[in-house]
């Protein structure tokens, strides 16, 4: 698809980035503050090649520091340096690698994240399993798992949306592990290493993962929870209804399910001020569309109301979002509550995802209860 970015006021963008850095908002969920601030100051535009090069340059000293730490046996230093390199390279591909230079940042970011993961406790495992894709689709599914030894544990499978992929939010994974879960991270359809693009039946990429969990003696396949964040909440909702026997609970944290896929909403939300930049390009890439108009056409049948999915039996669900979301219509949260069995819901002040001090703790407490850990 086209890599053209929308024209943007670079000084306003830099102010936005500094604010996001200070408040730990995407793309800055974990990164060296000084290095990120210096990279922001060095930006002259959001032109993809320049953007990627700026963040790539900022990451290089951390990659070199990580290698020095490894040479001296400093595991903690190597982990932290690799994570900082990852964070800067993640910013370099953000919000989506729609240009070869951004794609190069993405590939390096994954290498650095996996290098850091070797020093996590418990360590990161990179798992690849076969996938019987259709013509033109991938043949394997890649995901991460972290699990404690010597105990049979419930599982949280978590994924993000169009811009937050399986390498992101290690802090959430740590909290899940501390609560007693094994933590699995996978890319939603159309992003990262997902074997399929977004489509009306792309949830089939999750079936082999559920099958794999059943083969693991230390994972409790009867206590699997899924959490879909942002756009990923759509796929969590669909899985709750299409795999109700495989999951004990599902969380839709900010995902649209009906009006979100209409032309009217897509045009209205494409320039949502809460999004950093290039939302239309980022959405389009998830379905392999060359233009935003093509994206709008491809997703018009995604509505779970139109598909008749929402009145099927489903796993228990929690719906979470901000009441003033500009990226996802709040009406979709209400539509979800009006269909199927009663569901739990919690709506917070603010915009997309409803981020605040009580948001993630609310999600964690609910999934713990559903998995028998509370």
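Restrict the check to the stretch 142-160 and report whether at least one residue is part of a loop (DSSP other than H, G, I, E, B) and surrounded by 21 or more Cβ atoms within 10 Å (Cβ to Cβ).
So far as the stretch 142-160 goes, yes, one or more of its residues are part of a loop (DSSP other than H, G, I, E, B) and surrounded by 21 or more Cβ atoms within 10 Å (Cβ to Cβ).
Among (1) closer than 23 Å to residue 92 by Cα; (2) surrounded by 19 or more Cβ atoms within 10 Å (Cβ to Cβ), there is one condition residue 193 misses while meeting the rest; what is its number?
Looking at each condition in turn, residue 193 falls short on (2).
Please enumerate the residues belonging to the stretch 325-336 that are more than 17 Å from residue 244 (Cα to Cα) and assigned to a helix (DSSP H, G or I).
Just the residues of the stretch 325-336 that are more than 17 Å from residue 244 (Cα to Cα), to begin with: 325-335.
Those that are more than 17 Å from residue 244 (Cα to Cα) and assigned to a helix (DSSP H, G or I): 330, 331, 332, 333, 334, 335.
Kindly indicate which of 71, 65, 101 is surrounded by fewer than 23 Cβ atoms within 10 Å (Cβ to Cβ), touching a residue at least 40 places away in the same chain (Cβ under 8 Å) and either more than 17 Å from the chain's Cα centre (by Cα) or not in a helix (DSSP H, G or I) (or both).
Numbers: 71 fails: touching a residue at least 40 places away in the same chain (Cβ under 8 Å); 65 fails: touching a residue at least 40 places away in the same chain (Cβ under 8 Å).
Only one candidate passes the filter, namely 101.
Only one residue in 93, 20, 44 is within 18 Å of residue 168 (Cα to Cα) and without any contact (Cβ under 8 Å) to a residue 60 or more places away in the chain. Which one?
None of the other options fit; the residue is 93.
If I ask for residues that are part of a loop (DSSP other than H, G, I, E, B) and closer than 21 Å to residue 213 by Cβ, which ones from the stretch 168-184 would you list?
From the stretch 168-184, those part of a loop (DSSP other than H, G, I, E, B) are 168-169, 180-181; that's our starting set.
169, 180, 181 - these are the residues of the stretch 168-184 that are part of a loop (DSSP other than H, G, I, E, B) and closer than 21 Å to residue 213 by Cβ.
Can you name the condition, by its number, that residue 110 falls short on among (1) closer than 30 Å to residue 220 by Cα; (2) outside any helix (DSSP H, G or I)?
With (1) closer than 30 Å to residue 220 by Cα; (2) outside any helix (DSSP H, G or I) applied to residue 110, the lone miss is (2).
Could you say which residue among 288, 255, 233 is within 14 Å of residue 326 (Cα to Cα) and either touching a residue at least 40 places away in the same chain (Cβ under 8 Å) or under 15 Å from the mean Cα position of the chain (by Cα) (or both)? Working first, answer last.
Working: 288 fails: within 14 Å of residue 326 (Cα to Cα); 233 fails: within 14 Å of residue 326 (Cα to Cα).
Within the list 288, 255, 233, the selection yields 255.
State which residue pairs qualify: first residue assigned by TED's automatic domain parsing to the domain that holds residue 192 and inside the stretch 205-218, second residue surrounded by 18 or more Cβ atoms within 10 Å (Cβ to Cβ) and assigned to a helix (DSSP H, G or I) in any location, beta carbons under 7 Å apart, and separation of 6 or more residues or different chains.
206/239
Return yes or no: is residue 199 more than 21 Å from residue 345 (Cβ to Cβ), touching a helix residue (DSSP H, G or I) at 6+ places or on another chain (Cβ under 9 Å) and without any contact (Cβ under 8 Å) to a residue 40 or more places away in the chain?
no
Given the conditions (1) in the same structural domain as residue 67 (by TED's automatic domain parsing); (2) touching a residue at least 40 places away in the same chain (Cβ under 8 Å); (3) surrounded by fewer than 21 Cβ atoms within 10 Å (Cβ to Cβ), and given that residue 177 satisfies all but one, which numbered condition is not satisfied?
Going through the list (1) in the same structural domain as residue 67 (by TED's automatic domain parsing); (2) touching a residue at least 40 places away in the same chain (Cβ under 8 Å); (3) surrounded by fewer than 21 Cβ atoms within 10 Å (Cβ to Cβ), residue 177 breaks only (1).
The values are calculated or read from the model by the stated rules, or taken from the named source; none is laboratory data. Every value quoted in this text rests on a predicted model; they were computed, and no experiment measured them. When we count neighbours, we look across all protein chains shown, and the Cβ atoms used for this are built from the backbone with ideal geometry, even at glycine.
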